[in-house]
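First up is the structure itself, then whatever we jot down about it.
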There are 6 protein chains.
Amino acid sequence: MNDLLQKPRKVYVSRTIEFNAAHRLFNPECTETENVEIYGKCSNKYGHGHNYLVDITICGIVDCKTGFLFDLKELKAILEEEIINRFDHKHLNHDVPELRECVPTTEVLAVLLWDILEQRMHNINNRELALHEVKIYETGKNAVRYLGE
Amino acid sequence: MNDLLQKPRKVYVSRTIEFNAAHRLFNPECTETENVEIYGKCSNKYGHGHNYLVDITICGIVDCKTGFLFDLKELKAILEEEIINRFDHKHLNHDVPELRECVPTTEVLAVLLWDILEQRMHNINNRELALHEVKIYETGKNAVRYLGE
Amino acid sequence: MNDLLQKPRKVYVSRTIEFNAAHRLFNPECTETENVEIYGKCSNKYGHGHNYLVDITICGIVDCKTGFLFDLKELKAILEEEIINRFDHKHLNHDVPELRECVPTTEVLAVLLWDILEQRMHNINNRELALHEVKIYETGKNAVRYLGE
Amino acid sequence: MNDLLQKPRKVYVSRTIEFNAAHRLFNPECTETENVEIYGKCSNKYGHGHNYLVDITICGIVDCKTGFLFDLKELKAILEEEIINRFDHKHLNHDVPELRECVPTTEVLAVLLWDILEQRMHNINNRELALHEVKIYETGKNAVRYLGE
Amino acid sequence: MNDLLQKPRKVYVSRTIEFNAAHRLFNPECTETENVEIYGKCSNKYGHGHNYLVDITICGIVDCKTGFLFDLKELKAILEEEIINRFDHKHLNHDVPELRECVPTTEVLAVLLWDILEQRMHNINNRELALHEVKIYETGKNAVRYLGE
Amino acid sequence: MNDLLQKPRKVYVSRTIEFNAAHRLFNPECTETENVEIYGKCSNKYGHGHNYLVDITICGIVDCKTGFLFDLKELKAILEEEIINRFDHKHLNHDVPELRECVPTTEVLAVLLWDILEQRMHNINNRELALHEVKIYETGKNAVRYLGE
């Protein structure tokens with residue numbers, strides 16, 4: 001029996017994944033000039049790209065029997081299916097249906113990943129478990145966090 | 001006199017340490033098959049290992065005289081005594097008494113480090129100072145945070 | 001129209017900058033012996049130095065039109081003007097007026113950067129936008145966060 | 001006078017730059033099926049992208065007067081003009097004339113960067129100075145070096 | 001046709017992999033005291049562990065048709081089969097037959113990985129291709145390179 | 001007996017250390033204007049500073065008995081004594097006698113570290129062992145290697 005887990009312990013577990021994608025920051029409702037003004041070289045016609053590094057954090061009470069918050073193999077499978085399959089080696093503006101009406105900034109991407117994962121986590125029959133945060137590093141210098149607020 | 005510290009300022013100070021340890025994820029109350037199902041290759045008989053990277057965060061009001069939250073030399077000595085001495089170059093299942101009845105997952109390890117440091121910080125005669133967070137990176141891709149909740 | 005942004009979304013955007021500076025931890029109100037006792041080799045006469053890595057985090061609601069929290073070009077210009085120009089390639093004790101009466105610890109530096117940026121952000125005419133956190137890594141092992149508390 | 005530099009000292013100086021670009025691995029001389037076989041998801045129609053990290057290394061004898069191998073401000077300007085301006089925020093297949101007839105793999109990119117910089121360094125009137133190596137990290141896991149052989 | 005590859009270009013391609021393993025530094029031909037003297041806490045009875053980071057570098061002439069030195073999917077499969085399967089989540093002293101008579105230092109491990117991969121590369125029918133270097137980081141502070149000399 | 005070491009194996013072992021120091025790039029034999037022209041803001045009067053990261057590489061034949069190239073405890077002690085004690089928490093221009101007549105660029109520093117360590121390694125009674133390389137990262141973007149040429 002695990003004495004350390006006799007009282008409930010709330011932990012935050014983060015898993016880091018990476019996907020490589022192209023995007024173009026361009027709002028079709030604005031003029032070409034406005035787009036250059038707002039997005040600069042990020043609005044170049046054919047797009048550019050990034051190695052997106054994503055930290056997914058879930059939280060909840062540690063399971064007394066396994067010592068895990070959540071089965072890591074299951075989390076990996078979810079992230080593979082929901083994130084890697086949708087975004088990896090894609091051009092975000094062309095290949096991701098949810099982003100077609102959007103300007104695919106890192107802010108918008110963080111919100112989209114949250115919405116996808118939130119929905120998926122809801123279906124897991126574990127009342128203690130919740131998605132806590134999606135953090136995306138677009139480069140080593142820029143990051144966006146979304147916590148569902 | 002330090003004008004910047006005339007009003008109390010609450011800061012969070014983090015110190016990163018590393019220890020290299022072996023562990024085996026195996027619950028003796030489960031069957032061999034269940035263990036493989038839950039822990040996969042992490043349940044291999046002799047164990048495997050990690051370079052555990054640990055961020056310890058304390059918080060409180062900056063001291064007007066020193067400009068420090070807490071004497072870093074003292075913090076280093078505490079972490080050396082309480083963490084490095086207990087866990088570095090050890091096999092967590094065999095060499096750490098507190099983990100003998102446990103499955104030494106990163107979640108459990110984060111909780112144990114918190115309990116050890118919480119107790120130790122309590123004995124420091126400084127009402128402003130508190131342990132804020134223990135964060136453990138098991139690999140570059142997996143991390144667990146515990147904040148005492 | 002961006003469906004994802006139809007309801008307001010609060011995000012946290014971080015930008016990482018670096019400045020290289022010298023400092024000396026020495027309190028002129030204390031004796032030489034006290035200084036060595038408190039600051040050790042950090043009190044060496046001519047100072048030593050660091051590559052200070054700074055994460056600035058702002059938060060607020062994502063703009064529906066641009067998909068940005070805040071114009072990154074403007075943020076870059078602010079950080080260049082307020083942080084890089086003041087601190088990069090400087091000796092903090094000699095070259096930064098605000099630090100002359102202080103011991104320039106990382107804690108004090110985090111508070112000063114907050115005060116400078118808070119003031120500057122106030123003048124931006126955007127009620128949704130706020131400075132959230134200043135985090136400074138003095139080395140890869142030591143970091144201080146200040147959130148304005 | 002600098003005693004340490006009385007005898008000639010050959011050093012290797014590296015400068016790291018980053019550019020964010022999209023690319024598609026696709027050879028128009030092959031069939032669609034062959035392309036998928038060779039390049040897998042890297043052959044997706046609109047391309048994907050990376051944060052390309054590039055280490056440029058030059059070598060030669062340290063200058064006795066300045067203590068530098070080469071004026072860093074000049075090196076920065078060269079890399080800005082020759083690399084950043086050509087490749088940053090571009091789609092390599094569409095926007096870079098030299099790559100139009102090529103499959104823009106990291107190997108080919110390393111060779112192209114070498115050829116561009118080699119030519120440029122030749123024009124610098126310093127017989128001691130030479131380009132030594134171009135190293136490109138496409139992701140944290142894949143890197144290619146070219147030394148002009 | 002790729003003009004850049006009209007003359008043969010020799011490149012070095014590196015792939016980084018990680019495995020998590022336990023080991024104990026202990027030479028059964030020495031006394032207990034000698035072992036402690038030589039290996040210190042690395043000789044602890046049950047072993048400790050590391051996240052071993054391995055850079056495998058191969059070299060040769062870039063292929064004119066593909067723009068690759070070597071098919072990355074094939075390289076990944078080789079490293080999975082020869083390295084990950086043998087070493088990941090293992091206790092090096094107990095689970096790796098080739099290391100049973102050895103003290104599994106990082107030096108010895110680098111030599112073993114070289115021997116395994118050298119043999120395997122030999123069987124690839126490509127006279128241009130060669131294994132160039134095995135580099136192992138045991139921690140962020142210690143690394144060993146072996147080049148077959 | 002260690003079969004893997006029956007034939008001599010030449011390995012390269014690297015150890016990473018860090019020291020935090022201040023410096024000023026200023027050549028007293030030049031005018032103030034020339035100094036600003038050559039060194040820009042690096043010539044600021046009181047200096048600035050860096051977290052210098054240093055990779056020391058030694059090479060030679062692996063010892064059959066220990067499986068080590070060289071006793072790591074001894075290497076650590078040498079680096080502590082020769083590098084950390086001389087350079088850590090120092091102002092290079094004021095506190096390091098060997099640099100008083102020099103402009104302490106990273107190039108000059110790499111040469112000095114080589115000279116110090118070369119001399120020291122010579123005194124070790126092991127004909128197989130040699131210093132191979134000193135590499136200094138001044139920032140994450142600039143590095144200098146010296147190999148004794």
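Observations on the structure shown:
- Rg of the Cα atoms in segment C:60-118, relative to 2.2 N^0.38 Å, amounts to 1.43.
- Percentage of interatomic Cα-Cα distances in segment E:16-55 larger than 10 Å: 69
- Segment C:112-119 - phi-based ³J(HN,Hα) in whole Hz, Karplus 6.51/-1.76/1.60, Gly and Pro as x: 5, 4, 4, 4, 5, 6, 4, 4
- Cα-based values for segment B:94-138, radius of gyration first and Dmax second, are 12.5, 37 Å.
- Burial ranking of peptide ranges B:71-83, D:99-111 (average Cβ count within 10 Å, highest at the top): D:99-111, B:71-83
- Converting the Cα gyration tensor eigenvalues of segment C:47-149 into ellipsoid dimensions via √(5λ) gives semi-axes, longest first, of 27, 14, 13 Å.
- For the protein assembly as shown, the percent of C-alpha pairs falling in each 10 Å distance bin, counted from 0 to the bin holding the largest distance, reads 2, 11, 19, 25, 25, 14, 3, 0.
- Only one residue of C:19, C:78, C:44 has its Cα farthest out toward the positive end of the dipole of segment C:8-89, where Lys and Arg carry +1 and Asp and Glu -1 on Cβ, and that residue is C:78.
- Average beta-carbon neighbours from other chains, 10 Å sphere, peptide E:12-22: 6
- Secondary structure note: in chain D, about 95% of the DSSP beta bridges are antiparallel.
- For A:55-64, mean number of other protein chain Cβ atoms within 10 Å: 2
- Shielding by partners for peptide B:41-47, expressed as the average number of C-beta atoms from other protein chains within 10 Å of each residue's C-beta, is 6.
- Projecting 7 Å from Cα along the Cα-to-Cβ direction, the label point of residue A:100 sits 3.1, 6.1, 6.4, 6.4, 7.5 nm from its equivalents in the other copies, listed shortest first.
- Here the calculated FRET efficiency for residue D:77 and residue B:41, from their Cβ-Cβ distance with R0 = 51 Å, stands at 0.50, rounded to the nearest 0.05.
- The calculated 222 nm mean residue ellipticity attributable to helices in chain E amounts to -7000 deg cm²/dmol, summing -39500 (n - 2.57) over DSSP H runs of n ≥ 4 and dividing by all residues.
- Orientation-averaged projection of segment F:19-107 equals 7.1 nm² [convex hull of Cα atoms, one quarter of hull surface area].
- Chains E and B together, accessible area buried on both sides, 1.4 angstrom probe, square angstrom: 1700
The values are calculated or read from the model by the stated rules, or taken from the named source; none is laboratory data. On a predicted model such as this, the values are computed, not experimentally measured, just so you know. Methodologically, a virtual Cβ is constructed for each residue, glycine included, from the backbone with ideal geometry; neighbour enumeration extends over all protein chains shown. Calculation scope for accessible area: heavy atoms of the full protein, side chains included, ligands and nucleic acids excluded. Shrake-Rupley method; radii C 1.70, N 1.55, O 1.52, S 1.80 Å.
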